[in-house]
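Structure first, then comments.
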Amino acid sequence: MTAVYLRQSESQDQLLKRFRKKVVKSGVLSTVRRKRWFVSKSEQRRMEDKKAIRRLKRRQVKSFE
């Protein structure tokens, strides 16, 4: 569980910003979004393959520039 404590002379906005960064870094939101719906193993593998292909294409385009 992510927790932040108000530091001395820290505003509420800074505290909230620090909390958001900590939540994103911990990966809680991405895990919740990923587990929101059931995805079968084969579908997950297909999605990972598509991501890998996209990643390779991006790298190839960058190398040509």
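Find how much the distance from Ala3 to Arg34 grows on full extension, using 0.36 nm per residue of separation minus their present alpha carbon separation; answer in nm with one decimal.
Details: separation 31, 0.36 × 31 = 11.16 nm, distance 2.24 nm.
Taking Ala3 through Arg34 to full extension adds about 8.9 nm, to one decimal.
Nearest 500 deg cm²/dmol is fine: what mean residue ellipticity at 222 nm does the chain get from its DSSP H runs of n ≥ 4 alone, each adding -39,500 (n - 2.57), divided by its residue count? It would help to have the intermediate numbers written out before the result.
Numbers: 3 runs with 46 residues, N = 65.
Rounded to the nearest 500, the figure is -23500 deg cm²/dmol.
Within the chain, list the trypsin sites (Lys or Arg not before Pro) lying in a DSSP loop whose Cβ has at most 13 other Cβ atoms in a 10 Å radius. Don't skip to the end; give the middle numbers.
Details: sites: Arg7, Lys17, Arg18, Arg20, Lys21, Lys22, Lys25, Arg33, Arg34, Lys35, Arg36, Lys41, Arg45, Arg46, Lys50, Lys51, Arg54, Arg55, Lys57, Arg58, Arg59, Lys62; in loops: Arg7, Lys35, Arg36.
Taking the chain and a limit of 13 other Cβ atoms within 10 Å, the loop trypsin sites (Lys or Arg not before Pro) found are Arg7, Lys35, Arg36.
For the chain, state which chymotrypsin sites (Phe, Trp or Tyr not before Pro) are in a DSSP loop and have at most 11 other beta carbons lying within 10 Å of their beta carbon. Let's see the in-between values first.
Details: sites: Tyr5, Phe19, Trp37, Phe38, Phe64; in loops: Tyr5, Trp37, Phe38.
Those satisfying the criteria are Tyr5, Trp37, Phe38.
Rounded to a whole number of µm²/s, how large is the Stokes-Einstein D of the chain at 4 °C and 1.567 mPa s, given Rh as the Kirkwood radius over C-alpha pairs? Spell out each step's value before the answer.
Values: Rh = 15.4 Å.
Rounded, D is 84 µm²/s.
Hey, got the dipole for the chain? About the Cα centre, +1 on K and R Cβ, -1 on D and E Cβ, debye to the nearest 20? Walk me through the numbers before you get to the answer.
Working: 22 positive and 6 negative charges, 65 e Å.
Dipole about the Cα centre, nearest 20: 320 debye.
Since every read-out is calculated from the coordinates, none of them should be taken as a lab result. This is a predicted model, so every value here is computed, not measured. Here Cβ is always computed from backbone atoms with ideal geometry, including for glycine, and neighbour counts include all displayed protein chains.
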